[in-house]
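The values are calculated or read from the model by the stated rules, or taken from the named source; none is laboratory data. Small disclaimer: the values here were computed from a predicted structure and weren't measured. Cβ placement follows ideal geometry from the backbone for every residue including glycine, while neighbour counts extend to all protein chains displayed. Areas reflect the complete protein model, heavy atoms only, side chains present, ligands, DNA and RNA absent. Shrake-Rupley method; radii C 1.70, N 1.55, O 1.52, S 1.80 Å.
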Amino acid sequence: MRKIRLLLFIFSSFIILVGCNNDAKIIFNQESDPIDGIASVIILKPDSNTVYLNDFISDFSKIDSVYYEDKNYVFNSETKTLEILTSFDNIKPLSLIHVSCQGNLYSIVCRKSSKVHSDVYFKPSDDKLYSSVSIAGDFNGWSPEKNIFKKDGDSWKCTLILDRGLYQYQIVADGVWMNNPTAGDTVSNGIGGYNTLLNATLCNTESLSLETKQFDDNSITVGASSVPDRFIILWQNQVLPINLENFNSNQYKLDIPQGINSIKRSYLRIYASKSNCVANDLFIPLNNGKVLSKTEDIVREDKFSNIMYFVMVDRFFNGNLQNDFKVKDSRVSDKANYQGGDIFGILQKLKDGYFDKLGITCLWISPVFQNPDEAYQEFPEPRRYFSGYHGYWPISSTEIDYRLGNDSVFQALVNTAHGENMNVILDFVANHVHENHPLYQAHKDWATKLVLEDGRQNIRLWDEYRLTTWFDTFLPSWDFENPLVTDTISEYAMYWLTKFNIDGFRHDATKHIPEVFWRTLTKKIKTKFPDKSIYQIGETFGNRELIADYVGSGMMDGQFDFNLYFDARNSFADSQSDMKNVAISLMTSLSYYGSYHLMGNITGNHDLVRFISFADGSVKPGEDDKEAGWLRDIEVENLLSYKKLQCLNAFVLSIPGIPCVYYGDEIGMAGVGDPDNRRMMKFDNLTKSEQETFDITSKLISLRKNNIEFLLGSTNIVDASESVLIIKRKYFDREAYIVFNCSDSENDVLIAKSVIKDISIFKTNFGAEISELSSNYIIKLEPYSFEILIKK
């Protein structure tokens, strides 16, 4: 293996160009850009940093050289990897990898991970002597064996290296799980208990924040709270020459590159750092070389404009009574059997205007693959029998289940959606198949081992054997380290893209599949569809670091932000929770995934207790949420729970990312654990509260679609307290304020006049009364309600 240390002096002219001390002119050329699409930001970690350049570049044949700007690196020309050797302590907050191609320079931004050392102390409240103490939390997959305490006097101590943010954990002392008596803050765990909170201090970004100020046809003015140490502006993947001395009154005016008017959509990205803190980044789309400032110019292919709706096909609407076939097995409860929903039903609701009335721009369709005709018994107790109504037990990866439809109706759904300016993404199951799948029957050696060396069955060992575990005894997981497996399963995905012209995938069980599969699939997509906008989003339950490992160039566009959802769920559902927690969680996600990301923000999903039932207290403390749905009928008992859901929907639909409405959350359908959270969709005879929730959700979606600050604006927390949260979104002269009162009593929420100088130029959208008192505006909000102020 030949390793080449590239000579930096060859590119000295380019370095001068990007060194922030020169206003030299460069030629902006997208045609010779070897980077596929817009290069994602690389997060540099404390341990090691190997950059897989194949994630960014498909064709190396025209590339002159690749180098990391601080010289301390090794580029391997055979594996196309670049290893950054700089010690973590010496890595700059922002740095660049440069790619030279046909006389032009293209760059990839690197950001230093915001890891901090956090000491956790444990002192037994009962002075009990323990022989071993460890910690389990969402930072280590709730695996206590990963972080062990050491005795420190009469206390125990564990030092964690964490990204800045908010974490939940429990102490495990001699095998007993407990909250930490040394730490006072706790939060609901969502299943009737509480976890201890750990706050790894966030960087004080108030010392450096960016916002868009103004623009004209030729230039853009950016504001900064202070002059940064490092300031990077890119058009596409090319760095603009800038000069920090040109900051005037903490504003910087940049010229839009010339000669790009023929390009329908391109992007400016802006990054800045000061000391060890990285500011929020800015993302500015250009429409034929001009700043995109009107939502009318947004097209279906603009991924950032997606507003998703998750349809579980069998549980949505029965459009064809001729394909209603339940699994004939008396051991299967009706709620675990087919209910008759089908693709015909989705198409009918699409034609009837249901999704248009709600405002949806992207349909996420649950798996439509052929599933078995028989029932199967689940491995965990109480070992109930289920059908494959949900679609996640494929016995074919290319045939549509006859109970759901056929090729022609699925194609009609996609074509009709596109005609309505709506995307369609398919839930793709790559991790496993049903044991009756012909591919498994022909190649059983392509699966991971069911029986471990210690004799245990490798079933649902989610963290211990994350990349090999089976979901059940009849669901073999593929061994993706075998190149034949990776190539074959990725071809199944390509089949759906090629045959039906869908717009992307929701990928099931993402974290259980090695990265080689995602790299292979994404490279195939980029190679075969270089000009098509294809959105890929994954499902991973885990900490943000694990989730982010699957996001970026060469991988997926985003994953669902479950960490933010859980924090938001707790805060909006419980009047005893502190809204500061959801504010910290939001800013942590923005810091980790970028201020403008394509992560999914959910109202709920098919694996979780419905938010409204969580808020309603339908699951009793210590109760198994799945069992609750089998033991009793769950309905909404407290009408205030609808208000809480409306607040959550307002939050999801006003923050950066891709909002995703789980079917039924637009009206407040009840449901606890699977399958109770997968009831047949309700369309008729809505109650007053259900209709109100639909109308409010529809209005929220309309506000997001028609006010560009929600799609592209910077995000700031104006206020966060026990019951109040105020979020500001700003994009040039467009501003919006989202104001929440998350308490069970009426509240006068204050906004300082120093924040909003003239409230008369803002319009209320949900009927709140506004008055003035001294230096504040007063917004009167009912219990669990919100207001959105938008510039007129």
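I'd like to know if region 345-366 contains one or more residues that are under 24 Å from GLY629 (Cα atoms), modelled with pLDDT of 95 or more and not basic (Lys, Arg). Yes, because at least one residue in region 345-366 is under 24 Å from GLY629 (Cα atoms), modelled with pLDDT of 95 or more and not basic (Lys, Arg). Testing GLU145 on (1) assigned to a helix (DSSP H, G or I); (2) surrounded by 14 or more Cβ atoms within 10 Å (Cβ to Cβ), one condition comes back false. Which one is that? With (1) assigned to a helix (DSSP H, G or I); (2) surrounded by 14 or more Cβ atoms within 10 Å (Cβ to Cβ) applied to GLU145, the lone miss is (2).
Could you check GLN691 against (1) open to solvent by 30 Å² or more (accessible area, probe 1.4 Å); (2) under 18 Å from ASN280 (Cα atoms) and say which number it fails? All conditions are met except number (2). Filtering TYR309, TYR389 for residues that are part of a strand (DSSP E or B) and within 28 Å of the chain's Cα centre (by Cα) leaves a single hit, TYR309.
On the basis of being open to solvent by 50 Å² or more (accessible area, probe 1.4 Å) and free of Cβ contacts under 8 Å to residues at least 60 places away in the same chain, does SER95 make the cut? So SER95 fails the test. The single condition among (1) of a type in the set (Val, Ile, Thr); (2) touching a Ser or Thr at 6+ places or on another chain (Cβ under 9 Å); (3) open to solvent by 70 Å² or more (accessible area, probe 1.4 Å) that THR715 does not meet is (3). When only residues in region 725-750 that are open to solvent by 10 Å² or more (accessible area, probe 1.4 Å) and within 15 Å of GLU782 (Cα to Cα) count, which is nearest to the chain's Cα centre (by Cα)? Ranking the candidates gives SER743 first.
All of (1) assigned to a strand (DSSP E or B); (2) at pLDDT 90 or above; (3) open to solvent by less than 40 Å² (accessible area, probe 1.4 Å) hold for THR86 with one exception: (1). Pairing residues of region 449-470 that are at negative phi and without any contact (Cβ under 8 Å) to a residue 40 or more places away in the chain with residues that are among the small types (Gly, Ala, Ser) and surrounded by 14 or more Cβ atoms within 10 Å (Cβ to Cβ), at Cβ distances under 6 Å and at least 6 apart in sequence or on separate chains, gives TRP470/SER477.
If the condition is being surrounded by fewer than 19 Cβ atoms within 10 Å (Cβ to Cβ) and out of contact with any Ser or Thr (no Cβ under 6 Å at 6 or more places or on another chain), then region 629-639 contributes TRP630, LEU631, ARG632, ASP633, GLU635, GLU637, ASN638.
Please go through region 588-607 and pick out each residue that is open to solvent by 20 Å² or more (accessible area, probe 1.4 Å) and touching a Lys or Arg at 6+ places or on another chain (Cβ under 9 Å). Within region 588-607, SER591, TYR592, TYR593, TYR596, LEU598 meet the criteria.
Cβ separations smaller than 6 Å between residues 6+ apart or across chains give the following pairs from region 148-165 residues that are within 9 Å of TYR121 (Cα to Cα) and outside any strand (DSSP E or B) to residues that are open to solvent by less than 50 Å² (accessible area, probe 1.4 Å) and hydrophobic (A, V, I, L, M, F, W, C): PHE149/VAL133; PHE149/TRP156; PHE149/CYS158.
Taking each residue of region 315-335 that is within 19 Å of TRP630 (Cα to Cα) and looking for partners that are open to solvent by less than 100 Å² (accessible area, probe 1.4 Å) and assigned to a strand (DSSP E or B) with beta-carbon atoms closer than 7 Å, six or more apart or interchain, yields ASP329/TYR385; ARG331/TYR385; VAL332/TYR385; VAL332/PHE386. The single condition among (1) touching a residue at least 60 places away in the same chain (Cβ under 8 Å); (2) exposed (fewer than 14 other Cβ atoms within 10 Å of the Cβ) that GLN411 does not satisfy is (2).
Here PRO530 clears all of (1) more than 30 Å from LYS705 (Cα to Cα); (2) in a loop (DSSP other than H, G, I, E, B); (3) open to solvent by 30 Å² or more (accessible area, probe 1.4 Å) except the condition numbered (1). Taking the criterion of being under 33 Å from the mean Cα position of the chain (by Cα) and over 15 Å from ASN741 (Cβ atoms), no residue of region 766-777 qualifies. Against the list (1) in a loop (DSSP other than H, G, I, E, B); (2) open to solvent by less than 10 Å² (accessible area, probe 1.4 Å), the condition GLU435 fails is (2). Number of residues in region 650-672 that are without any contact (Cβ under 8 Å) to a residue 60 or more places away in the chain and either open to solvent by 10 Å² or more (accessible area, probe 1.4 Å) or over 25 Å from SER743 (Cβ atoms) (or both): the value is 2. Restricted to region 270-292, and to residues there that are open to solvent by 20 Å² or more (accessible area, probe 1.4 Å) and over 17 Å from TRP235 (Cα atoms), the residue that is nearest to the chain's Cα centre (by Cα) is ASN280. Do the conditions hold for THR469, that is, is it in contact with a Phe, Trp or Tyr (Cβ under 9 Å, 6 or more places away or on another chain), closer than 22 Å to ASN436 by Cα and either surrounded by fewer than 22 Cβ atoms within 10 Å (Cβ to Cβ) or modelled with pLDDT under 95 (or both)? When the stated conditions are applied, THR469 does not pass them. For LEU105, the conditions (1) within 28 Å of LEU160 (Cβ to Cβ); (2) in contact with a strand residue (DSSP E or B) (Cβ under 7 Å, 6 or more places away or on another chain) all hold with the exception of (1).
Go through the residues of region 123-140 one by one and say whether even a single one is buried (at least 20 other Cβ atoms within 10 Å of the Cβ), farther than 29 Å from GLU464 by Cα, of a type in the set (Phe, Trp, Tyr) and within 30 Å of the chain's Cα centre (by Cα). Scanning region 123-140, I find no residue that is buried (at least 20 other Cβ atoms within 10 Å of the Cβ), farther than 29 Å from GLU464 by Cα, of a type in the set (Phe, Trp, Tyr) and within 30 Å of the chain's Cα centre (by Cα), so the answer is no.
Per the listing ASN199, ASN195, the residue uniquely assigned to a strand (DSSP E or B) and open to solvent by 60 Å² or more (accessible area, probe 1.4 Å) is ASN199. You will find that of ILE537, ILE502, the residue that is at negative phi, in contact with a Leu (Cβ under 6 Å, 6 or more places away or on another chain) and either open to solvent by 10 Å² or more (accessible area, probe 1.4 Å) or outside any helix (DSSP H, G or I) (or both) is ILE502 and no other. The residues of region 55-70 that are crowded, with 16+ Cβ neighbours inside 10 Å and either out of contact with any strand residue (DSSP E or B) (no Cβ under 7 Å at 6 or more places or on another chain) or aliphatic (A, V, I, L, M) (or both), listed by number, are ASP55, ILE57, ILE63, VAL66.
Each row is one residue, and each column tells you yes or no for (1) open to solvent by less than 10 Å² (accessible area, probe 1.4 Å); (2) assigned to a loop (DSSP other than H, G, I, E, B); (3) under 25 Å from GLY193 (Cα atoms).
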{"residue": "PHE541", "(1), (2), (3)": "no, yes, yes"}
{"residue": "ARG569", "(1), (2), (3)": "no, no, yes"}
{"residue": "PHE572", "(1), (2), (3)": "yes, no, yes"}
{"residue": "SER575", "(1), (2), (3)": "no, yes, yes"}
{"residue": "LYS580", "(1), (2), (3)": "no, no, yes"}
{"residue": "VAL619", "(1), (2), (3)": "no, yes, yes"}
{"residue": "GLU623", "(1), (2), (3)": "no, yes, yes"}
{"residue": "GLU627", "(1), (2), (3)": "no, no, yes"}
{"residue": "LEU648", "(1), (2), (3)": "yes, no, yes"}
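If you filter region 169-192 down to residues that are at pLDDT 90 or above and part of a strand (DSSP E or B), you find that the one that is most open to solvent (accessible area, probe 1.4 Å) is TRP177.
Pick from SER118, SER107: which is in a strand (DSSP E or B) and within 30 Å of LYS157 (Cβ to Cβ)? Going through SER118, SER107 in turn, just one is in a strand (DSSP E or B) and within 30 Å of LYS157 (Cβ to Cβ): SER118.
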